[in-house]
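The values are calculated or read from the model by the stated rules, or taken from the named source; none is laboratory data. Remember, it's a predicted structure, so these values are computed and weren't measured experimentally. Cβ sites come from the backbone with ideal geometry, for glycine too, and all protein chains shown count toward neighbours.
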């Protein structure tokens, strides 16, 4: 397995990314959009797991505009509030600028094929849906796990891009999630159906927000393993 850090050029500067992939032939790319706690070894391990299935996994540091941002959540509430404040600085517009850079990086890399998928957790659920709608000719699969702000009353709400989406979507929600309002699933379903988007949407019984992350108290191993199977089936259908 090959691993390295690379600076990807975006309209706003150079974005640090972790990249890993099996050596050999060119492979499809999977863009891994981080959750609000940001870059950490837990996310790199998840990227390695994706790469082991035969993909180029790319983990961008979406906080790059503020330098190298890391959080020590063992410090308690004050650090938690810093984390949420930092997450609130990221908008769909900014992340689509970053995605533009990522897509160009994929296109210019000899070890990546012309197929790109993506996955996002928590705050990045909105970003992967927006990316699918903003780059329909490039992104062929997008998965959101307990994604937030996919449906809002703002003009940049990702669900409003449903008419542009050509990718197949997977949207997995936790049964118990205070960060996802009750209107999100019905409104999202209505928008996707009205625009004939190919998608699977499900709620995982008994789970809480964060259930895919091994380091979280909410980690649910059976549900997390099921999600991996779903993701790899999705990527096999759409990227290979």
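Within the stretch 201-223, the only residue that satisfies the criterion of being surrounded by fewer than 18 Cβ atoms within 10 Å (Cβ to Cβ) and within 16 Å of the chain's Cα centre (by Cα) is 201.
Annotation: residue 151 fulfils all but one of (1) assigned to a loop (DSSP other than H, G, I, E, B); (2) surrounded by fewer than 20 Cβ atoms within 10 Å (Cβ to Cβ); the unmet one is (2). The set of residues in the stretch 130-148 being without any contact (Cβ under 8 Å) to a residue 60 or more places away in the chain, in contact with a strand residue (DSSP E or B) (Cβ under 6 Å, 6 or more places away or on another chain) and assigned to a helix (DSSP H, G or I) consists of 132 alone.
With respect to (1) under 29 Å from residue 93 (Cβ atoms); (2) crowded, with 21+ Cβ neighbours inside 10 Å; (3) in contact with a helix residue (DSSP H, G or I) (Cβ under 9 Å, 6 or more places away or on another chain), the lone exception for residue 13 is condition (2). Close contacts from the stretch 39-50, counting a first residue that is under 18 Å from residue 217 (Cβ atoms) and a second that is surrounded by fewer than 16 Cβ atoms within 10 Å (Cβ to Cβ), with Cβ to Cβ under 7 Å and a gap of 6+ residues or different chains, come to 42/214; 42/215. The single condition among (1) modelled with pLDDT under 95; (2) under 20 Å from residue 231 (Cβ atoms) that residue 22 does not meet is (1). Taken together, the residues in the stretch 189-220 that are part of a strand (DSSP E or B) and closer than 17 Å to residue 136 by Cα amount to 1. Filtering the stretch 35-60 to residues that are part of a loop (DSSP other than H, G, I, E, B) and under 24 Å from residue 108 (Cα atoms) leaves 53, 54, 55.
Is it the case, given these coordinates, that residue 188 is touching a strand residue (DSSP E or B) at 6+ places or on another chain (Cβ under 8 Å), farther than 20 Å from residue 228 by Cα and surrounded by 19 or more Cβ atoms within 10 Å (Cβ to Cβ)? Against the criterion (touching a strand residue (DSSP E or B) at 6+ places or on another chain (Cβ under 8 Å), farther than 20 Å from residue 228 by Cα and surrounded by 19 or more Cβ atoms within 10 Å (Cβ to Cβ)), residue 188 qualifies.
Of all the numbered requirements in (1) surrounded by fewer than 17 Cβ atoms within 10 Å (Cβ to Cβ); (2) more than 16 Å from residue 119 (Cβ to Cβ); (3) in contact with a helix residue (DSSP H, G or I) (Cβ under 7 Å, 6 or more places away or on another chain), residue 92 misses one, and that requirement is (1). All of (1) surrounded by 21 or more Cβ atoms within 10 Å (Cβ to Cβ); (2) more than 12 Å from the chain's Cα centre (by Cα) hold for residue 123 with one exception: (2).
In this entry, residue 84 passes the filter for residues that are under 25 Å from residue 209 (Cα atoms) and part of a helix (DSSP H, G or I). Please work out which residue is surrounded by the fewest Cβ atoms within 10 Å (Cβ to Cβ), limiting yourself to the stretch 61-80 and to residues that are outside any loop (DSSP other than H, G, I, E, B) and more than 22 Å from the chain's Cα centre (by Cα). Applying the filter and picking the extreme gives 74. Can you work out which of the residues in the stretch 160-188 that are free of Cβ contacts under 8 Å to residues at least 40 places away in the same chain, within 19 Å of residue 127 (Cβ to Cβ) and assigned to a loop (DSSP other than H, G, I, E, B) is farthest from the chain's Cα centre (by Cα)? Per the stated criteria, the residue is 181. Of all residues in the stretch 90-124, those that are without any contact (Cβ under 8 Å) to a residue 40 or more places away in the chain and more than 17 Å from residue 11 (Cβ to Cβ) total 1. Would it be correct to say that residue 28 is touching a helix residue (DSSP H, G or I) at 6+ places or on another chain (Cβ under 7 Å), more than 23 Å from residue 121 (Cβ to Cβ) and modelled with pLDDT of 95 or more? Answer is no for this residue.
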